[in-house]
1. Would you kindly state how much longer the chain becomes between Arg193 and Asp52 on full extension, computed as 0.36 nm times their sequence separation minus their alpha carbon distance, in nm to one decimal?
2. Once you order the gyration tensor axes a ≥ b ≥ c over the Cα atoms, which shape class does the range 132-196 get: rounded for a/c under 1.5, otherwise prolate or oblate by comparing a/b with b/c?
Amino acid sequence: MTALALLTASACCHATWNLLMKTVSTKGSAFIWLCGLLTLPVSVVLLVRSDDLAVTWWPALISMALHTLYAVTLQKAYGAADFATVYPISRGSAPVLVALATVSGWRVYAGALIVLPGVLVMDRLHRGRTLARGIALGLLVAACTAAYTLWDAYAIGTLHADLLAYLAVSNLAQVVVLSVLSRDRRAALGEWRRAIPVAILVPASYGLSLLALSYASVSAVAVGRTMNVVIGALLGFLVLHERATRTRLAGLAAVVAGVVLVSI
């Protein structure tokens, strides 16, 4: 249950920064660069104090490439399709892809199969011209999520990379790369107020999920991370006063059931 607690905390952070990303006017990699830039001093301090860079630096660079691809794909997907389509498809499909890519027990496969329809029902996908595009982009984001989840699990679990140094190297490398490749960096600087909470929540969310790998398998953690959809729905009910229909509550219950199944 320790893993479940960590993943629930991670879900709170993840659902929040995803909503914030949707409101950002600067699209593409410039805003991602700004978020990394804001946390750069912390990364530098962690690297100076680390004694385990020999094992950590090269898997962290690969992680940076995968996470950058994910972040850019996610933001472009939000700019081209509805949030309510991209978000549930990407979060619900990723654990299924991870479960298929790993040798998992029956609980993980069953949990993934319960979670996916639960997510789709809860977020009420609507038919329309943008639905097909939203599904395609959501699946692409899910593939990116599955790729970095599997790689980071290997780096932390098998290579025994130091968690904080791993995140610091990845962030530093991302800032350097995007400083060269990103356009409209000056425009992104104007959104620094919105970038501050995102810059804090992104590493907090993923750091907690990586820590959960110490208590559960990568496929179980991947399924557990769909709790962010549940947290997002609860925020909608309680804060935004969205309607809690029977269909949405049934979907929420299915996601919780799937997550609990792989956590016991």
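1. The span from Arg193 to Asp52 would gain 47.4 nm if fully extended.
2. Judged from the Cα gyration tensor, the range 132-196 comes out oblate (a/c at least 1.5, b/c at or above a/b).
FYI, it's all coordinate maths here, none of it is from the lab. Being a predicted model, the structure only gives us computed values, none of them experimental.
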